[in-house]
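Written below as structure tokens is the structure these notes are about.
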Amino acid sequence: MADLIFEGLKVWDMSWVGVGPLTARYLADNGATVVRMDSSKRVDILRISPPFQDGKPGFNNSMFYGDFNCSKLGLGLDMATEEAREVAREMAQWADVILESFTPGNMAKWGLSYADVSKDNPGVVMLSTCMQGQTGPRAHYPGFGNLMASNSGYYEITGWPDAEPVPVYGAYTDFIAHRFTTTALIAALDHKARTGRGQYIDISQFEAAVQYFGPEVLDYSVNGNTSTRAGNSDPVAAPHAAYPCVGEDRWIAIAIESDYEWRVFKEKMGNPAWAEDAKFATLSSRKENEDELNQQVAEWTSGWNNKELQYFLQPDIAAGAVQDQFDLYEDAQTLYRGYFVDLEHSEMGKVPYNGTQTLFSKTPTTLSKASPCVGEDSRQVLRDCLGFTDQKIDTLVASGAVEITGPNA
Amino acid sequence: MNAQSDAASYGTPGALAPYRILDLTDHRGWLAGKMLGDLGAEIIKIEPVDGDPGRHRGPFFKEKADADHSLKWWFFNQGKQGISLNLDSEEGKALFKKLVAEADAVIESFDAGWMDSIGLGYKTLEAINPKIVMTSITAFGQGGPHAGFKGPDLILAALCGTMYLCGDPERPPVRISVPQGYMHGAAEGAVSTIMGLYHARSTGIGQHADVSSQLAYSRALMNATPFPKLENRSLQRTGIWTESVGSFRRVIYPAKDGFITMMINGGLLGGKSIEAIFEWAGETVEVPEKLLNTDWQGLDAAAIIQDPAKGLLFTELSEWLMDFYPNFDKETIYAEALKRRILLAPVSTIADICEDEQLVAREYFVDVAHEDDDAVTYPGPWAKMSETAVHVGARAPHVGEHNRAIFVDKMGVSEVEFKRLVEARVI
């Protein structure tokens with residue numbers, strides 16, 4: 001088997017929460033050595049957020065943290081101490097890549113700005129990711145992806161037209177930004193491999209998130225239109241909604257995008273008399289009578305199990321069960337692609353990780369280990385990456401600058 | 001005042017300048033090539049002779065619903081060169097293979113298996129150019145029981161699990177109204193392509209990257225997927241409220257001129273933020289004693305688990321905020337929040353975003369010249385890189401606009417042959 005894509009690449013992951021850790025995870029799952037900084041004094045908020053194994057809160061018991069940090073080694077550092085900051089600076093000299101997501105200015109305070117680090121490590125690629133970028137009037141505003149999803153327009157365009165906007169689940173824009181950060185970072189690594197030159201990258205989650213809205217920004221700038229929420233409807237498709245099925249809160253999504261598909265769909269429904277009415281004959285007439293159309297379709301779907309109906313309609317008609325999280329583990333396609341990967345965590349035991357969304361034909365993405373406990377691998381990292389003696393490590397641990405928790409404590 | 005997409009900007013090499021990428025995608029995959037093009041790769045967009053069907057997707061420039069005025073096409077194909085090629089014809093295939101021999105990557109978003117069926121699958125491309133990276137962006141992936149399923153955005157939203165968690169619990173689950181599924185799939189395609197290129201450069205070995213847009217979208221479930229296995233439960237949608245360990249807080253609040261979003265948390269996450277709200281509110285209104293005297297910083301998830309009754313304080317706080325916020329407009333609330341470090345944000349409209357002071361200060365918006373309008377405002381560079389340019393490309397191409405530049409000037413097709421290919425509708 002060929003080497004993994006990032007075999008030999010050394011990554012110092014000083015970031016936390018979502019975007020930075022997920023960016024580093026792409027590298028870690030594809031062969032890079034990624035050391036993740038952690039501390040129980042300034043704990044990553046994901047470690048205090050659910051889900052927890054058996055519902056029991058604990059820094060080393062959160063799979064919110066876990067899922068974003070597999071395939072990495074954990075180094076525990078209390079950055080309030082000068083000794084820990086010195087270790088962080090040495091790690092920055094060891095690294096090919098540094099990721100950070102502190103409030104702009106923090107890294108410079110610690111002597112870890114790009115200018116500081118690149119003096120003796122000119123090839124380093126350093127990526128800063130934060131909500132709104134390193135510069136500008138709101139550079140220092142802290143926040144979470146939930147707020148950024150609101151700030152960048154996602155809530156305004158979600159929900160029912162007759163009601164207030166509704167939040168999209170989670171820190172939505174984190175899961176847009178992390179692919180922009182990863183793409184830019186690897187492009188910079190590729191450039192470095194060709195030219196020997198490292199560089200500094202500043203990515204604002206806000207700016208990444210608005211990329212998905214390019215056409216909407218243009219629509220406003222040339223036509224003055226402002227997109228807003230439209231429930232599940234689509235301007236050029238009907239039926240186009242989630243319809244109720246047998247069971248509590250069970251639904252199927254159906255999308256009919258042409259008059260041909262409408263005819264096929266009518267057949268699938270057994271050609272009911274109501275569907276022959278002229279008011280449903282064309283896309284524009286179905287759009288005009290969409291509420292009644294949806295009611296009729298809902299009556300038909302409500303006698304079905306949503307998964308059985310999905311398989312009855314596909315592949316002729318675009319249909320899909322509205323899956324809850326249990327469903328995802330039974331989804332035949334998800335299983336076929338081996339998406340969820342069970343790994344043995346030091347304290348949580350066997351837990352499921354989200355796997356890879358891309359299957360590479362020659363360098364299969366490999367989740368190499370479960371996520372670390374806070375500082376679980378501190379000793380190994382300091383020995384192998386920085387060549388520290390056991391005695392030196394013991395002193396740092398005793399002073400509290402370096403932290404080790406979990407099985408190696 | 002917007003930055004201009006002048007020659008100085010796209011004359012500077014980007015990080016990916018040495019790469020040439022053939023972009024066969026339709027609207028499902030356009031973003032992948034755009035992201036890589038923004039970083040300097042040469043993107044050759046290959047369309048059918050009649051044009052990419054995505055050219056007919058609205059919104060349109062001033063309601064001109066033709067092949068040259070789709071704003072979706074404009075944005076996602078900005079900076080690309082455009083050639084037309086009939087891949088169903090033998091001559092078209094032969095020309096494509098010649099392009100593959102000189103290219104670094106191919107990105108496509110046809111239905112699973114289509115490239116194989118026309119004799120242009122990965123094995124064929126690999127035989128022509130072992131270094132080639134081929135990225136396929138589809139709804140569900142190249143193989144498996146659902147590979148042949150239809151997967152427009154609504155179906156991806158349903159099957160990936162995000163829709164179940166979105167919307168009013170009293171009403172059906174709802175998708176994000178602007179389609180997202182293939183955006184995630186295409187962005188994942190950009191990541192996979194650059195990963196494949198990085199590997200191919202050092203090893204000489206290309207490969208096939210098979211992207212599932214369903215799974216790329218499901219990453220947005222954030223922390224939800226492990227719940228069944230760790231806590232034996234599935235999260236439910238909570239609409240404009242959010243739930244933390246059994247305690248409910250409102251997320252969306254009316255302002256004088258729209259809405260704002262507030263993250264209400266106790267403990268380390270948000271205790272200070274709540275205290276800052278009271279400090280601000282205290283200047284104009286009376287804050288109820290009960291709320292004022294609560295130790296919000298001490299009220300984290302663990303404290304609520306210990307004493308669930310305390311969770312109700314958050315609901316009371318939410319109700320009080322429902323009366324407080326409508327006294328102010330979004331801009332005022334956000335300005336106070338910035339000053340006082342309160343965790344909230346406006347529910348921005350697209351209009352708000354276009355005028356956002358932070359985006360404007362970072363020169364995010366750029367003007368791109370079109371025949372119809374010499375300064376159309378685009379979202380511009382999404383990264384600032386110290387060594388390599390992030391490009392603001394020229395306007396998206398017309399059908400076959402760069403045929404001559406590519407086929408004649410670059411590939412050496414003779415003028416006579418070029419004319420014949422055009423007449424035979426191969427290009």
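Computed on the Cα trace of the stretch B:299-380, the radius of gyration divided by the Kirkwood hydrodynamic radius gives Rg/Rh = 1.22. Every helix of 4 or more DSSP H residues in chain A counts as -39500 (n - 2.57), and over all residues that averages to -10000 deg cm²/dmol at 222 nm. Once the Kirkwood radius over Cα pairs is known for the stretch A:273-373, the Stokes-Einstein relation at 37 °C and 0.692 mPa s delivers a diffusion coefficient of 186 µm²/s.
Largest first, the three principal axis extents of the alpha carbons in chain B are 87, 51, 42 Å in whole numbers. Straight Cα distances below 21 angstrom link B:Lys62 to the lysines B:Lys72, with same-chain residues fewer than 8 positions distant left out.
Take the Cα coordinates of the stretch A:319-409, assign each an equal point scatterer, and use the Debye formula without solvent to give log10 I(q)/I(0) at q = 0.16, 0.18, 0.25 Å⁻¹. The Debye formula, applied to the Cα set alone, gives -0.80, -0.88, -1.21. Does the stretch A:1-95 come out rounded, prolate or oblate, given a ≥ b ≥ c as the square roots of the eigenvalues of its C-alpha gyration tensor, rounded meaning a/c under 1.5 and, failing that, prolate meaning a/b above b/c? Oblate shape, in that a/c is at least 1.5 and b/c is the bigger or equal ratio.
Each of A:Arg25, A:Arg138, B:Arg404 has some number of other Cβ atoms within 10 Å of its Cβ, and from fewest to most they run B:Arg404, A:Arg138, A:Arg25. Applying the criteria of a DSSP loop state and at most 12 other Cβ atoms within 10 Å to the GluC sites (Glu not before Pro) of the stretch B:182-287 yields B:Glu283, B:Glu286. Think of the protein assembly as shown as a dipole: +1 on every Lys or Arg Cβ, -1 on every Asp or Glu Cβ, centred on the Cα centre; then among B:Leu154, B:Tyr164, A:Gln93, A:Gln93 lies furthest on the positive end.
Applying 1/(1 + (r/R0)^6) with r as the Cβ-Cβ distance of B:Ala303 and B:Lys272 and R0 = 25 angstrom yields a FRET efficiency of 0.95. With contacts taken as Cα pairs under 8 Å and at least 6 residues apart, the stretch A:240-332 reaches a relative contact order of 41 percent. In this calculation the C-beta distance from B:Leu312 to A:Asp249 is compared with R0 = 35 Å, giving a FRET efficiency of 0.90. From the cross-link list A:Lys119/A:Lys392; B:Lys64/B:Lys410; A:Lys192/B:Lys131, which pairs have alpha carbons spaced over 30 Å apart? Checking Cα-Cα distances, B:Lys64/B:Lys410 exceed 30 Å. For the stretch A:220-287, GluC sites (Glu not before Pro) meeting the loop criterion (DSSP other than H, G, I, E, B) and having at most 16 other Cβ atoms within 10 Å: A:Glu248. The shape of chain A can be summarised by an equivalent ellipsoid whose semi-axes, obtained from the alpha carbon gyration tensor, come to 47, 24, 19 Å from longest to shortest. Phi-derived couplings, Karplus 6.51 cos²θ - 1.76 cosθ + 1.60 at θ = phi - 60°, listed residue by residue for the stretch A:287-295: 5, 5, 10, 5, 4, 5, 4, 4, 4 Hz, with x used for Gly and Pro. Along its principal axes, the stretch B:190-327 has C-alpha extents of 70, 39, 25 angstrom, given from the largest down. Here the relative contact order of chain A, from alpha carbon pairs under 8 Å that lie six or more residues apart, stands at 20 percent. Modelled spin-label separation between A:Asp162 and A:Asp390, with each label point placed 7 Å from Cα along the Cα-to-Cβ direction: 7.3 nm. Backbone phi angles across the stretch A:312-325, fed through the Karplus curve with coefficients 6.51, -1.76 and 1.60 (θ = phi - 60°), yield HN-Hα couplings of 5, 8, 6, x, 6, 10, 5, 8, x, 4, 7, 7, 8, 6 Hz in residue order; Gly and Pro are listed as x.
Annotation: amide H-H contacts under 5 Å for A:Gly74 (H modelled 1.01 Å from N, sequence separation of 5 or more, or interchain): A:Arg36, A:Glu376, A:Asp377.
Residues whose amide H falls under 5 Å from that of A:Tyr243, counting only those 5 or more places apart or on a different chain, are A:Ile252, A:Ala253, A:Ile254, with hydrogens built in the peptide plane. In order along the stretch B:404-414, the Karplus-derived 3J(HN,Hα) couplings, from 6.51 cos²θ - 1.76 cosθ + 1.60 at θ = phi - 60°, round to 5, 4, 7, 6, 7, 6, 8, 9, x, 5, 6 Hz, and Gly and Pro are given as x. Remark on B:Thr138: its backbone amide H falls under 5 Å from those of B:Val211, B:Ser213, a criterion applied only to residues 5 or more positions apart or on other chains, H modelled at 1.01 Å from N. When Rg and Dmax are taken over the Cα atoms of the protein assembly as shown, they come to 26.4, 87 Å.
Among DSSP bridges having both ends in the protein assembly as shown, what percentage is antiparallel? Round to the nearest 5. Around 50 percent antiparallel, to the nearest 5. Panel note: the C-alpha atoms of the stretch A:240-332, placed on their principal axes, show extents of 42, 24, 21 Å (largest first). For the stretch B:330-410, applying the loop criterion from DSSP together with a ceiling of 13 other beta carbons within 10 Å to the GluC sites (Glu not before Pro) yields B:Glu355, B:Glu371. DSSP beta bridges in chain B, what fraction antiparallel, as a percent rounded to 5? If I count the DSSP bridges inside chain B, around 40 percent turn out antiparallel. Here the relative contact order of the stretch B:276-427, from alpha carbon pairs under 8 Å that lie six or more residues apart, stands at 11 percent.
All of the numbers you see were taken from the coordinates with simple rules; none came from a lab. None of the values given here were measured: they were computed from a predicted structure. Note that each Cβ is placed from the backbone with ideal geometry, even for glycine, and that neighbours are counted across all protein chains shown.
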